[in-house]
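Single-structure report; data block below.
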Amino acid sequence: MASMDPFRDEARNRGVPEEEVERWLGTVRPCATLDSTDDHADGPPAGRVGGPPPLPDGVPAPTKPFLAVVDLAAVPADATDLPLPPDGTLLFFADTEDPGPGEDWFQVVYVPAGTPVSTTDSGAGESYPVADLRLKVEPSLPNRVSSTEEFPHGFELGSVWWKTCSRIQDGGIVELGGYPWVWNWDPVADHDHDPDDDWVLLASINGKRLSEGDDLGLINWVVPRADLAARRFDRVEAYYDQAG
């Protein structure tokens, strides 16, 4: 993963105690960034965006636009701290024109390894420019939090992370795991889910990067960790955050 030295240097320059800086860095989570350009991700191919979705033969495609497919076999087990399947593919669909309440505007499809698939035009709505996605593993930390007893300089640390972390500044088209980008709200922490469930960020899709500059904001996909481990992708929920 990327060096934490720029973060350390900026935090020290702002007067944050070194012990608190290191304690904050102890909360780092690995994040799998998938992007189509060498500037953002230069690892092995791990999926693609746009084009026809590779769905199981005979399975009707969702009517929402197809966003991306991720090849889970190309994602190393330590690329995230999530209990992802070791193989198979994840397909993401969403209609960002009408991201209202409920589940009508998004869908996640898991296709187990070895399942026959076809990539014919499925009528899944408007697609995005086709591009292969390459993998890069990067550190992820909260980018905006309030001060707490554990982190008295929490807001300042979040600001430092926002300034120094290339993931936040550049990002990828698709990211698996890690902490969510927080522009207007936190899709993991600020919701009405059962507090007994350990909800985690499954993926973020950067609409602006996906659509070559259109102001589409972010789609954040969350799921209880236990349901992810049980391959219950019907439990995934999605939230749309208009950037800015």
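Couple of notes before you dig in:
- Of the GluC sites (Glu not before Pro) in the range 1-98, the ones in a loop by DSSP (not H, G, I, E or B) with at most 11 other beta carbons within 10 Å are Glu97.
- Burial order of peptide ranges 62-71, 84-93 (average beta-carbon count within 10 Å, highest first): 62-71, 84-93
- Peptide packing for 23-35, 48-60 was compared via the average number of neighbouring C-beta atoms within 10 Å per residue; ordered from the highest value, the list is 23-35, 48-60.
- Applying 1/(1 + (r/R0)^6) with r as the Cβ-Cβ distance of Asp5 and Ala77 and R0 = 30 angstrom yields a FRET efficiency of 0.65.
- Qualifying lysines (Cα of each under 26 Å from Cα of Lys136; at least 8 residues distant if same chain): Lys163, Lys208
Read-outs throughout are calculated quantities, based only on the coordinates presented, and are distinct from any laboratory measurement. Note that the coordinates shown come from a computational prediction; the quantities given were computed from them, not determined experimentally. Because the Cβ atoms are built from the backbone with ideal geometry, glycine has one as well, and the counts that use them run over all protein chains shown.
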